[in-house]
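Colleague: Below you will find the structure I want to go over with you.
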Amino acid sequence: MQYSNSLQTEMLQTERGYSIAYQHYTPKQSSQNQPGIIFLHGHGSDMFGGKAEAIMNWAVGRDIEFTRFDLFGHGVTGGDIMTATVGQWLKDACDILDKVTSRKQIIIGSSLGGWIMLALSKYRHEKINSMVGIAAAPDFTKHLIWERLDKSEQEAFRKNGLHSAPNPYGDTDTLYPYQLICEAENHLVLEHDIRFDGAVILHHGLCDAEVPWQTAIQIAEKLSSNQVTIHFDKTATHRYSEYEQLNSLISSIRGLVTDYNS
């Protein structure tokens, strides 16, 4: 059964002058002996992507608390993405955790959402039960954008304030503002150990042309937890949205829910 139309999109006012669009499912059986699930989408995506839909349908169908939302500059939340920062997106996620969710969460982070997920382990550790990364892209502004430019390209980026990169999902390039690169330095997570001792499952495709699969290994090495599992899919791309891949994600989430209840 599809539950997309049964969840109403609501708006959460922030202290930053805008409202975050979100959808939240409250279980009919209010047992606290079950975690919630929150989905964090990727850069340029939104809360209605295929992975979010699949996970939402699975969770609601089993009466599990589920939350998804659009980061500033994305989807229904709107706003100018060219002015957005990683710190701002992190605050968006903290606001949703603080004011919308009601229990410990299994955090699902896709691409940029995977970066926010890992950063949340520092700022909202007490609200996190476990994590599932989907082609998680921590520190991508540094390692996948800035460090891939030569000296002359970096200087042009500083001078112009913009850098354009090919968009594999559209005809127009993706633009990145220089201020995003600079501000993100305050939120890099792979520069130091990531203090989180709960279960973490990292899904990554070996055919991911945007975020190298080696990133999953780097994340695992930085996590303090001894409960880290990496699931590589030989044929998966960065989208990680084929039927078999979605089933694999659901299987991971099901296991975390079961472990929570045991």
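Colleague: If the requirement is being among the aliphatic types (A, V, I, L, M), over 25 Å from Arg124 (Cβ atoms) and modelled with pLDDT of 95 or more, which of these qualifies: Leu188, Leu223, Leu206? Break it down into steps so the answer makes sense when it comes.
Modeller: Details: Leu188 fails: over 25 Å from Arg124 (Cβ atoms); Leu223 fails: over 25 Å from Arg124 (Cβ atoms).
Matching residue, one of Leu188, Leu223, Leu206: Leu206.
Colleague: Count, please, the residues in segment 29-84 that happen to be aliphatic (A, V, I, L, M) and within 19 Å of Asp98 (Cβ to Cβ).
Modeller: Start the filter on segment 29-84 by keeping residues that are aliphatic (A, V, I, L, M), which leaves 37-38, 40, 47, 52, 54-56, 59-60, 64, 71, 76, 81-82, 84.
Those left that are additionally within 19 Å of Asp98 (Cβ to Cβ): 37-38, 40, 47, 71.
Total meeting the criteria: 5.
Colleague: Okay, next question. For segment 17-117, list the strands (runs of 3 or more DSSP E) that sit wholly inside it and hold at least 1 residues that are within 24 Å of Asp171 (Cα to Cα) and not aliphatic (A, V, I, L, M); which are they?
Modeller: Passing ranges, in order: 105-110.
Colleague: Here's a check for you: in segment 174-207, which residue that is of a type in the set (Asp, Glu) and out of contact with any helix residue (DSSP H, G or I) (no Cβ under 8 Å at 6 or more places or on another chain) is nearest to Leu256 (Cα to Cα)?
Modeller: Step one: of segment 174-207, the residues of a type in the set (Asp, Glu) are 183, 185, 191, 193, 197.
Now drop any that are not out of contact with any helix residue (DSSP H, G or I) (no Cβ under 8 Å at 6 or more places or on another chain), which leaves 191, 197.
Numbers: Glu191: 28, Asp197: 14 Å.
Restricting to residues being of a type in the set (Asp, Glu) and out of contact with any helix residue (DSSP H, G or I) (no Cβ under 8 Å at 6 or more places or on another chain), the top hit is Asp197.
Colleague: Something else: Which of the numbered conditions does Lys99 fail, given that it passes all the others? Conditions: (1) over 15 Å from Thr14 (Cβ atoms); (2) at pLDDT 95 or above; (3) surrounded by fewer than 24 Cβ atoms within 10 Å (Cβ to Cβ).
Modeller: All conditions pass for Lys99, except number (1).
Listed here are the residues, each with its yes/no results for (1) under 29 Å from Glu210 (Cα atoms); (2) in contact with a helix residue (DSSP H, G or I) (Cβ under 7 Å, 6 or more places away or on another chain).
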{"position": "Gly17", "(1), (2)": "no, no"}
{"position": "Ile20", "(1), (2)": "yes, yes"}
{"position": "Pro27", "(1), (2)": "no, no"}
{"position": "Gln34", "(1), (2)": "no, yes"}
{"position": "Val76", "(1), (2)": "yes, no"}
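Colleague: I've got another one for you. Could you list all residues from segment 118-135 that are over 13 Å from the mean Cα position of the chain (by Cα) and in a strand (DSSP E or B)? Let's see the steps before the verdict.
Modeller: To start, the set of residues in segment 118-135 that are over 13 Å from the mean Cα position of the chain (by Cα) comprises 122-130.
Within segment 118-135, Ile128, Asn129, Ser130 meet the criteria.
Colleague: List pairs: first in segment 172-195 and farther than 16 Å from Ile81 by Cβ, second part of a strand (DSSP E or B), Cβ under 7 Å, 6+ apart or cross-chain?
Modeller: Qualifying pairs under 7 Å: Ile194/Leu223.
Colleague: Next question, about the same structure. Condition first: surrounded by fewer than 20 Cβ atoms within 10 Å (Cβ to Cβ) and closer than 15 Å to His41 by Cα. Now tell me which residues in segment 86-96 satisfy that. Steps first, answer last, please.
Modeller: In the first step, residues of segment 86-96 are kept if they are surrounded by fewer than 20 Cβ atoms within 10 Å (Cβ to Cβ); the result is 87-88, 91, 94-95.
Of everything in segment 86-96, those that are surrounded by fewer than 20 Cβ atoms within 10 Å (Cβ to Cβ) and closer than 15 Å to His41 by Cα turn out to be Gln88, Lys91, Cys94.
Colleague: Under the condition of being assigned to a loop (DSSP other than H, G, I, E, B) and hydrophobic (A, V, I, L, M, F, W, C), which residue from segment 1-16 is modelled with the highest pLDDT? Walk me through it before giving the result.
Modeller: As a first pass, look at segment 1-16 and keep what is assigned to a loop (DSSP other than H, G, I, E, B): 1-3, 7-9, 14-16.
Among the residues that remain, those that are also hydrophobic (A, V, I, L, M, F, W, C) are: 1, 7.
Values: Met1: 60, Leu7: 93.
Ranking the candidates gives Leu7 first.
The values are calculated or read from the model by the stated rules, or taken from the named source; none is laboratory data. Please read these numbers as outputs of a predicted model, since none were measured by experiment. Quick reminder, even Gly has a Cβ in these numbers, built from the backbone with ideal geometry, and neighbours come from all protein chains shown.
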